[in-house]
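Report on the structure given below.
The values are calculated or read from the model by the stated rules, or taken from the named source; none is laboratory data. Note that the coordinates shown come from a computational prediction; the quantities given were computed from them, not determined experimentally. Methodologically, a virtual Cβ is constructed for each residue, glycine included, from the backbone with ideal geometry; neighbour enumeration extends over all protein chains shown. In case anyone asks, the SASA skips ligands and DNA or RNA and just uses the protein heavy atoms, side chains included. Shrake-Rupley method; radii C 1.70, N 1.55, O 1.52, S 1.80 Å.
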Amino acid sequence: CTRAALSSVTRMRVSTRHVILLSLLAAVFTGLNALKPLHIDDTAYSYYSAQDAAHPLDPYGFEMLWYYEPQPADEVLAPPVFPYYWALARVLFGEQPWLWKLAMLPWCLLMVWSLYALLRRFAPGVELPMTVLTVLSPALLPSLNLMLDIPALALTLTSIHWFLTACDHNSYGRAVLAGLAAGVAMETKYTGALAPAVMLL
């Protein structure tokens, strides 16, 4: 009994340490992004978030200067999930880009935790260093702007993790949650369509 209790306490300590480290990793990921100015497609999505904040029931009722000439908003790709989230940040924080970027923290936490969960499943023993290396890699670290990629990736990884957990436990409820997360991922960016493809595979 004593050995079992000690083992349980040890696992709890490791779990707590991982919680702290993963949360710090997400905070660093978010904070480094907050230092950057708006650039690339940030400007396009800024128009959508401003429209969503001002006219939430008419998200595409405007034109924007894009592709060298005015374009109807519904001709430039911008699924609704992230622009509405950004619109909420605009309402809460005003016209403060660095605060908009700090508001990315929930997306970063979701991505870090879902990535860690999948690595824990498929690469046990090295899941923590692999999570850190992946998040701070050239593939992800420069990708965090006010764009669709990281939120879509976070939802995609989460849906896959939930689906695998549903299979483990033969749980229809978790499978439904996985499907809902995949649907929201696809409404964030078209790359979210990878989630149902992985589930079918």
Exercise for review: Using a 10 angstrom cutoff on alpha carbons, build the Gaussian network for the chain and name the most mobile of Met130, Met147, Met104.
Suggested key: Met130
Exercise for review: Assuming R0 = 25 Å, can you tell me the calculated FRET efficiency for the pair Ala54 and Ala34, based on Cβ-Cβ distance, to the nearest 0.05?
Suggested key: 0.55
Exercise for review: Specify the angular offset, from 0 to 90 degrees and rounded to the nearest 10, of the alpha carbon long axis of helix 2-34 from the longest principal axis of the alpha carbons in the chain.
Suggested key: 20
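Can you tell me the length gained on complete extension of the stretch Leu201 to Thr165, counting 0.36 nm per residue apart and subtracting the Cα distance? Before the final figure, lay out each step's value.
Numbers: separation 36, 0.36 × 36 = 12.96 nm, distance 1.54 nm.
Gain in length upon complete extension: 11.4 nm.
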**Study point:** Computed lengthening from Ala27 to Glu95, 0.36 nm per intervening residue step minus Cα-Cα distance
**Key:** 22.3 nm
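For the chain, give the percent of accessible area contributed by carbon and sulfur heavy atoms, probe 1.4 Å, rounded to a whole number.
Result for the chain: 70 percent of the exposed heavy-atom area is carbon or sulfur.
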Revision key, fill the gap. Listed by chain and number, the residues whose amide H is under 5 Å from that of Trp66, excluding neighbours fewer than 5 places away on the same chain and using placed H, are Gln71
Practice item. Could you work out how far helix 105-122 tilts from the main Cα principal axis of the chain, as a 0 to 90 degree angle to the nearest 10? Key: 40
Review point. Pulled fully out, how much extra length does the chain show between Ala139 and Glu187, if you take 0.36 nm times their separation in residues and subtract their Cα-Cα distance?
Key: 15.0 nm
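What dipole magnitude, in Debye to the nearest 20, does segment 113-200 give about its Cα centre under +1 on Lys/Arg Cβ and -1 on Asp/Glu Cβ? Walk me through the intermediate numbers first.
Values: 4 positive and 4 negative charges, 17 e Å.
Magnitude of the dipole: close to 80 debye.
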Check your understanding: Averaged per residue, what accessible area in Å² does the chain show with a 1.4 Å probe, protein chains only?
Key -> 56
Practice item. Rounded to the nearest 10 degrees, what's the angle between the helix 42-54 long axis and the longest principal axis of the chain, both from Cα atoms, 0 to 90? Key: 80
